[in-house]
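Data block below; observations after.
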C-alpha cells in the first residue's frame, strides 16, 4: 500500500486507509491507483484510454479520488456525476442505511464524521462501473456538451 500518512491527519488516518482498502478490494480491474501529494486517485491509464482527460491533455482519465479536506474526507466518484441512475441508486441506498443526512456535491461525497463512513455501501458503489462503462459515460457526456455548445 502506498504511504498516505502525509495526506491526512492522524485522527482520520485509519478511516482513510480503510476507505482506500475497500476501494482496492471492490474496484473492477483496469483502473490504476496514483497519488499527487494531495489525495489518492483511481484513473483510467493512458495505455487503456490514450485520449486521456480533456481538461488536462496527456493525463489519465480520473474516476475516483479520496482527498482529506479540512473538515471532511471527500470521496470523488465521477461515475455518479455522469450516470443519473447510479446517483439515484446511491442516494436511495445511503438514505436507507445511514442515519445521517447525505452531504454531497456533484461528484463529491463528504464524510464529515469518519466513524460513520458506510464502507459496505462504498464497496458496492465502486463495483458498479467498469473501466469500459466509465469511458462510455465520459465520452457520452463530452459528446452531449459538444452538441449543446
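The values are calculated or read from the model by the stated rules, or taken from the named source; none is laboratory data. Keep in mind the model is a prediction, meaning the values are calculated, not measured. All Cβ positions, even for glycine, are placed from backbone atoms using ideal geometry, and neighbour counts span all protein chains on display.
What number of residues in the stretch 94-107 are over 27 Å from residue 141 (Cβ atoms) and assigned to a loop (DSSP other than H, G, I, E, B)?
4
State all residues of the stretch 28-47 that are more than 19 Å from residue 128 (Cβ to Cβ) and part of a loop (DSSP other than H, G, I, E, B); if no residue qualifies, say none.
Within the stretch 28-47, 36, 37, 38, 39, 45, 46, 47 meet the criteria.
Select from the stretch 91-111 the residues that are under 12 Å from residue 75 (Cβ atoms) and surrounded by 11 or more Cβ atoms within 10 Å (Cβ to Cβ) and list them in ascending order.
Of everything in the stretch 91-111, those that are under 12 Å from residue 75 (Cβ atoms) and surrounded by 11 or more Cβ atoms within 10 Å (Cβ to Cβ) turn out to be 94, 102, 103, 104, 107, 108, 109, 110, 111.
Let's see how each residue does on (1) in contact (Cβ under 8 Å) with a residue 40 or more places away in the chain; (2) out of contact with any helix residue (DSSP H, G or I) (no Cβ under 6 Å at 6 or more places or on another chain); (3) within 29 Å of residue 6 (Cβ to Cβ); (4) assigned to a strand (DSSP E or B):
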{"site": "55", "(1), (2), (3), (4)": "no, yes, yes, no"}
{"site": "63", "(1), (2), (3), (4)": "yes, no, yes, yes"}
{"site": "67", "(1), (2), (3), (4)": "yes, yes, yes, yes"}
{"site": "70", "(1), (2), (3), (4)": "no, yes, yes, no"}
{"site": "76", "(1), (2), (3), (4)": "no, yes, yes, yes"}
{"site": "81", "(1), (2), (3), (4)": "no, yes, yes, no"}
{"site": "87", "(1), (2), (3), (4)": "no, no, no, no"}
{"site": "92", "(1), (2), (3), (4)": "no, yes, no, no"}
{"site": "109", "(1), (2), (3), (4)": "no, yes, yes, yes"}
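Would you point out which residue out of 119, 90, 111 is in contact with a strand residue (DSSP E or B) (Cβ under 6 Å, 6 or more places away or on another chain) and at pLDDT 95 or above? Explain how you work it out, then say what you get.
Working: 119 fails: in contact with a strand residue (DSSP E or B) (Cβ under 6 Å, 6 or more places away or on another chain); 90 fails: in contact with a strand residue (DSSP E or B) (Cβ under 6 Å, 6 or more places away or on another chain).
Of the residues listed, the single one that is in contact with a strand residue (DSSP E or B) (Cβ under 6 Å, 6 or more places away or on another chain) and at pLDDT 95 or above is 111.
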